[in-house]
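All remarks here apply to the structure that follows.
The values are calculated or read from the model by the stated rules, or taken from the named source; none is laboratory data. Just so you know, these numbers come straight off a predicted model, no measurement behind them. Positions of Cβ are generated from backbone atoms using ideal geometry, with glycine treated the same way; all protein chains shown enter the neighbour counts.
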């Protein structure tokens, strides 16, 4: 494996670490939004902070598959290899489920800050808004947890399937 | 937010790329057929997710 492929592999790993790490932060911040003992300004700040971290999650998530495609091309000189090797197809299938989870999360999370802003400004029934927020956070927790588990499985598949080309070999 | 727009774009383009390579195979194994089905589902989810979010934002904008 040449230096470019080794470097790209490291970038791929770092992107996944950023993605997973920031996603855990977003998850715990989002979970704390349900805590009514916290001042509404604190909850609103946490929602905005979660949004900022989510921006990094999305960026890492968007770059990761293309770095993966570049790695496939550098290793096998043809992108079709990714649909030919069984372990790569397994990775692709699990990644497809992650894509669906990500779509659910992005589509479902839109407007969460708006709900907290409405609670702060006293717009509408506070109890109803709190219930909406609670329902949204809990409903989104399932795809978020599933996404983390699937990502961990993909990492294991990648490490096992790619055992001949360890990270250090490019350097 | 440009990265959200990019997210939807990639959610639509990535399944298309994978489906392109899967459709180019002369013979598909059950695993590859499974991948084809799931990427078709991802493509449909991405299109409907984009429409859902776009509607959600449009409603929120008209209410405020």
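Some values worked out for this structure:
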{"read-out": "Selection count, the range A:104-121, where residues are in contact (Cβ under 8 Å) with a residue 40 or more places away in the chain and more than 8 Å from chain B (Cβ to nearest Cβ)", "value": "8"}
{"read-out": "Matching residues, the range A:61-72, being in contact (Cβ under 8 Å) with a residue 40 or more places away in the chain and either exposed (fewer than 15 other Cβ atoms within 10 Å of the Cβ) or within 11 Å of chain B (Cβ to nearest Cβ) (or both)", "value": "A:61, A:63, A:64, A:68"}
{"read-out": "Pair list, Cβ under 7 Å, 6 or more apart: the range A:11-34 residue at positive phi, other residue loosely packed, with under 15 Cβ neighbours inside 10 Å and modelled with pLDDT under 90", "value": "none"}
{"read-out": "Scan of the range A:83-138 for residues that are assigned to a loop (DSSP other than H, G, I, E, B), farther than 28 Å from residue A:65 by Cα and touching a helix residue (DSSP H, G or I) at 6+ places or on another chain (Cβ under 7 Å), ordered by number", "value": "A:124"}
{"read-out": "One residue from B:23, B:62 being in contact with a helix residue (DSSP H, G or I) (Cβ under 9 Å, 6 or more places away or on another chain) and either modelled with pLDDT under 90 or more than 7 Å from chain A (Cβ to nearest Cβ) (or both)", "value": "B:23"}
{"read-out": "Any chance residue A:156 is loosely packed, with under 14 Cβ neighbours inside 10 Å and touching a residue at least 40 places away in the same chain (Cβ under 8 Å)", "value": "no"}
{"read-out": "Top-ranked residue in the range A:73-88 [being crowded, with 18+ Cβ neighbours inside 10 Å and free of Cβ contacts under 8 Å to residues at least 40 places away in the same chain; ranked as nearest to the other protein chains (Cβ to nearest Cβ)]", "value": "A:83"}
{"read-out": "Hits in the range A:89-103 (condition: more than 30 Å from residue A:43 (Cβ to Cβ) and either in contact with a strand residue (DSSP E or B) (Cβ under 7 Å, 6 or more places away or on another chain) or more than 8 Å from chain B (Cβ to nearest Cβ) (or both))", "value": "A:91, A:94, A:95"}
